[in-house]
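Here the structure is laid out as structure tokens; the discussion comes afterwards.
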Amino acid sequence: MNEKEAKKQIQKLREEINYHNTKYYVENNPIISDYEYDMLLKKLETLEAQFPDLVTADSPTQRVGGEPLKGFRTVEHKRPMLSLDNAYSFDELREYDERIKKNCRDVEYICEPKIDGVSIALIYENGIFVRGATRGDGSKGDDITTNLRTIRSIPLRLQGSSLKNAEIRGEVYFPISVFQRFNKEQEKKGEQVFANPRNAAAGSLRQLDPRIVALRPLDTFLYYVSHSDIDFETHEKSLELLRTAGFRVNPLIEKVSNIDEAISYCKNLETKREALDYEIDGVVLKVNLIAQQNQLGSTIKHPRWAIAFKFTAKQATTQLKDIVIQVGRTGTLTPVAILEPAQVGGVTVSRATLHNFDELKRKDIRIGDVVLVERSGDVIPQVVKSIAEKRRGDEKIRVIPRKCPVCGSDVIRTLDEVAVRCPNQQCPARLKWRLEYFASRDAMDIDHLGGQTIDKLIEKGLVDTIADLYELTEKDLLTLEGFKEKSVKNLLESIEKSKQQGLARLIYGLGIRHVGKYAAQLLASHCCSIDELARKSAEELMQIHGLGEKTAESIATFFATQENIELIKRLKDIGMRTKEIKKEGSLSGKKFVFTGALPSLSRPDASGLVMKNGGIVSSSIGKDIDFVVVGTDPGSKYQKAKKLELTIIDENEFKKLVGVL
Ligand code: IVH
């Protein structure tokens with residue numbers, strides 16, 4: 001092939017790839033398979049390797065390039081990146097509207113979610129992405145071009161012909177759905193954990209090695225053309241153009257024609273807040289007509305044509321009264337902050353996690369400090385930082401204990417782990433967790449067996465293992481403080497009843513590391529009995545679709561341990577149901593995947609219905625899946641299912657299938 005022909009082909013391939021890139025990363029609506037996309041990219045890479053002179057910076061092959069940087073260059077913004085004035089109540093919003101109406105008639109507003117991420121400015125010259133920067137102090141920011149290039153929803157070349165030269169502003173965010181898992185991985189690797197998705201986004205963009213950034217699931221929303229060679233009549237039109245140029249523009253943006261409608265929008269959006277996969281901290285109201293925007297102008301700090309309505313904060317400062325050590329189900333020692341109770345986003349918080357001792361040291365959090373507490377991207381509140389300026393000098397540092405605070409065993413810390421552990425399998429703390437977990441609602445669901453009762457049973461030496469629960473007698477229980485005939489009877493009855501809970505709940509209740517509810521259901525639908533499960537090797541377990549290597553190994557290790565072998569034997573001896581009678585139901589062998597929340601069924605109930613009918617619940621999408629049941633806010637599984645053209649059904653159809661409708 002000559003160079004001319006190659007140039008033509010390269011051009012065509014790039015256009016095609018860019019088009020599919022937008023379909024996938026911006027519109028969330030791919031029309032070709034990942035494989036086909038990869039093939040196009042490979043073809044382009046091969047051609048570019050043959051004709052290296054034809055490689056240009058905007059080629060889709062050039063997203064991750066170059067060596068790590070030594071530092072970021074500072075760049076001056078052509079126009080300052082202003083912040084927004086805030087309104088904390090609807091009254092303040094109405095006052096703002098009154099001020100606007102003094103200057104402008106027939107005002108329309110565009111209402112936008114206020115994305116809680118990291119603001120960025122992107123510069124395009126001749127349709128090509130040439131530079132991207134952080135906000136910095138508003139007039140100067142860091143040049144983070146190489147990092148931004150790795151984000152797939154940022155087009156390296158603008159689509160369509162109209163927009164060529166422009167500066168576009170928006171926000172980079174870290175999706176909430178992957179944030180917790182990411183933090184866990186960071187913790188395991190001994191690397192920094194982030195207090196919230198925004199910090200994770202900021203921390204990722206500060207990375208000097210773009211190859212690391214490329215592995216982070218960063219995404220964007222763009223919301224403002226700060227200058228360009230096009231004159232827009234309205235903000236709405238500029239957003240439309242951003243969409244056609246290939247940017248991701250938030251789908252919840254709406255136009256309203258008065259302040260009442262704007263207030264309804266705010267109320268409505270706040271109810272959706274928890275369901276979104278990105279954090280928002282309010283609503284931005286923008287005057288729609290650009291002529292009116294120009295008339296209103298800006299102060300040195302913020303534009304007068306926009307205002308941010310802030311939702312209730314999910315952060316608060318309070319005093320850290322103590323740091324206690326909690327010993328977890330697997331023996332991990334976790335420092336926990338005991339706080340002066342504080343309101344955080346409408347919830348009273350008096351405890352917060354400090355993750356681990358490395359974090360505690362890195363953040364230099366001391367007993368007596370005033371600390372910033374946050375609930376975000378995670379249900380467990382956490383201590384973000386201490387306010388060092390408020391120190392009086394008598395704050396105390398909490399060091400890593402040498403001994404388990406519960407049983408006194410010497411703690412262990414392996415070199416490759418951040419975790420500090422109590423090695424004693426019989427440690428009462430671990431036993432307590434194990435029993436609580438076993439009795440919990442999603443496991444064996446044993447009524448009347450709460451934390452306090454378990455404490456008493458352990459204290460009296462009545463239980464050392466799960467199996468001991470089933471050998472408790474009336475006489476034993478009457479020795480417990482506060483227990484009378486009636487409460488003893490109730491407890492014994494619930495324990496007896498739990499023997500019939502079935503295989504999935506039993507597997508879950510055993511508390512095998514990495515085996516959550518869904519893995520337990522998956523295992524129960526593949527193996528007919530606990531013995532069959534116990535016999536499987538890690539390799540055999542890995543054949544079960546949807547089960548990872550770590551989980552498989554953990555299960556095999558569990559059943560190879562002597563004390564667990566004995567435990568299972570005893571459970572069988574006391575009459576525990578450890579076999580699943582497979583019904584040759586209508587759905588025999590059919591595989592189901594659930595994604596999104598179902599309107600009326602909980603996941604365990606829905607999975608139970610599948611298994612009852614002889615079906616199998618799987619956690620990942622593949623060609624072998626027979627039904628994908630989709631609820632509200634489905635995840636990427638839904639996209640994948642569509643791509644594979646699987647049978648997708650809603651809750652009603654599902655109910656009909658399993659015979660409950
Ligand atoms: S418009 C000149 N729109 O909020 C107007 N900002 O507190 C530029 N933000 O620095 C801002 N979502 O980082 C605008 N839909 C949105 C936004 C938004 C989030 C951020 C932005 C800004 C900060 C001001």
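Numerical summary
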quantity	calculated
Tally of residues being among the β-branched types (Val, Ile, Thr) and assigned to a strand (DSSP E or B) across region 211-232	2
Members of region 588-621 found to be among the hydroxyl-bearing types (Ser, Thr, Tyr), out of contact with any strand residue (DSSP E or B) (no Cβ under 6 Å at 6 or more places or on another chain) and over 27 Å from residue 33 (Cβ atoms), listed by number	588, 600, 602
Output for region 116-139, where each listed residue is open to solvent by 10 Å² or more (accessible area, probe 1.4 Å), within 15 Å of the ligand (Cβ to nearest atom) and in a strand (DSSP E or B)	118, 119, 134
Tally, over region 70-106, of residues that are within 16 Å of the ligand (Cβ to nearest atom), open to solvent by 100 Å² or more (accessible area, probe 1.4 Å) and either within 22 Å of residue 206 (Cβ to Cβ) or free of Cβ contacts under 8 Å to residues at least 12 places away in the same chain (or both)	0
Residue that is nearest to the ligand (Cβ to nearest atom), among those in region 247-262 that are aliphatic (A, V, I, L, M) and within 24 Å of residue 277 (Cα to Cα)	253
Subset of region 140-152 that is closer than 23 Å to residue 84 by Cβ and buried (at least 17 other Cβ atoms within 10 Å of the Cβ) - its residue that is nearest to the ligand (Cβ to nearest atom)	141
Residues satisfying the stated conditions in region 220-231, i.e. within 16 Å of the ligand (Cβ to nearest atom) and either hydroxyl-bearing (Ser, Thr, Tyr) or open to solvent by 30 Å² or more (accessible area, probe 1.4 Å) (or both)	220, 223, 224, 226, 227, 228
Matching option when the condition is at pLDDT 90 or above and over 23 Å from residue 127 (Cβ atoms), among 181, 216	216
Number of the condition not met by residue 502 [criteria: (1) in contact (Cβ under 8 Å) with a residue 12 or more places away in the chain; (2) under 29 Å from the mean Cα position of the chain (by Cα)]	(2)
Flag for residue 255 being touching a helix residue (DSSP H, G or I) at 6+ places or on another chain (Cβ under 8 Å), surrounded by fewer than 18 Cβ atoms within 10 Å (Cβ to Cβ) and assigned to a strand (DSSP E or B)	yes
Residue in region 296-313 that is away from the ligand (no atom under 15 Å from the Cβ) and of a type outside the set (Val, Ile, Thr) present	no
Search result, residues across region 155-174 that are in contact (Cβ under 8 Å) with a residue 40 or more places away in the chain, part of a loop (DSSP other than H, G, I, E, B) and more than 16 Å from the ligand (Cβ to nearest atom)	155, 156, 158, 159, 160, 162, 163, 164, 165
Which listed residue, of 400, 446, is crowded, with 20+ Cβ neighbours inside 10 Å and either in a loop (DSSP other than H, G, I, E, B) or at pLDDT below 90 (or both)	446
Residues satisfying the stated conditions in region 286-320, i.e. assigned to a strand (DSSP E or B) and within 30 Å of residue 338 (Cα to Cα)	310, 315, 316, 317, 318, 319, 320
Options 278, 265: the member that is among the hydroxyl-bearing types (Ser, Thr, Tyr), within 11 Å of the ligand (Cβ to nearest atom) and either under 29 Å from residue 199 (Cβ atoms) or modelled with pLDDT under 95 (or both)	278
Any hit, region 233-247, residues being within 19 Å of residue 117 (Cα to Cα), at pLDDT 95 or above and either under 27 Å from the mean Cα position of the chain (by Cα) or assigned to a loop (DSSP other than H, G, I, E, B) (or both)	yes
Residue match in region 200-210 (condition: open to solvent by 60 Å² or more (accessible area, probe 1.4 Å), modelled with pLDDT of 95 or more and not in a helix (DSSP H, G or I))	no
Members of region 207-223 that are without any contact (Cβ under 8 Å) to a residue 40 or more places away in the chain and under 13 Å from residue 144 (Cα atoms)	none
Selection from region 232-246 of residues that are within 13 Å of the ligand (Cβ to nearest atom) and in contact with a Leu (Cβ under 7 Å, 6 or more places away or on another chain)	242
Tally, over region 510-550, of residues that are within 25 Å of the chain's Cα centre (by Cα) and not aliphatic (A, V, I, L, M)	12
Flag if residue 341 is within 28 Å of residue 274 (Cα to Cα), open to solvent by 60 Å² or more (accessible area, probe 1.4 Å) and either assigned to a strand (DSSP E or B) or of a type outside the set (Ser, Thr, Tyr) (or both)	yes
Test: residue in region 186-199 that is at pLDDT 90 or above, on the phi < 0 side of the Ramachandran plot, more than 14 Å from the ligand (Cβ to nearest atom) and open to solvent by less than 30 Å² (accessible area, probe 1.4 Å)	no
Any hit, region 316-334, residues being in contact (Cβ under 8 Å) with a residue 24 or more places away in the chain, within 12 Å of the ligand (Cβ to nearest atom) and touching a Cys at 6+ places or on another chain (Cβ under 7 Å)	no
Of all residues in region 410-443 being in contact with a Lys or Arg (Cβ under 6 Å, 6 or more places away or on another chain) and more than 21 Å from residue 334 (Cα to Cα), the one that is surrounded by the most Cβ atoms within 10 Å (Cβ to Cβ)	443
Residue list for region 322-338, restricted to those being surrounded by fewer than 18 Cβ atoms within 10 Å (Cβ to Cβ) and out of contact with any Ser or Thr (no Cβ under 9 Å at 6 or more places or on another chain)	322, 324, 329, 330, 332
Among (1) modelled with pLDDT under 85; (2) crowded, with 20+ Cβ neighbours inside 10 Å - the single one residue 517 does not satisfy	(2)
Test: residue 612 is under 20 Å from residue 544 (Cα atoms) and crowded, with 17+ Cβ neighbours inside 10 Å	no
Residues that are closer than 20 Å to residue 107 by Cα and open to solvent by less than 20 Å² (accessible area, probe 1.4 Å), drawn from region 266-296	266, 283, 284, 285, 286, 287, 288, 292, 293, 296
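The values are calculated or read from the model by the stated rules, or taken from the named source; none is laboratory data. Given the structure is predicted, the values throughout are model-derived calculations rather than measurements. Ideal geometry is used to build each Cβ from the backbone, glycine not excepted, and the neighbour counts take in all protein chains shown. These area figures cover heavy atoms from the full protein model, side chains too; ligands, DNA and RNA do not enter into them. Shrake-Rupley method; radii C 1.70, N 1.55, O 1.52, S 1.80 Å.
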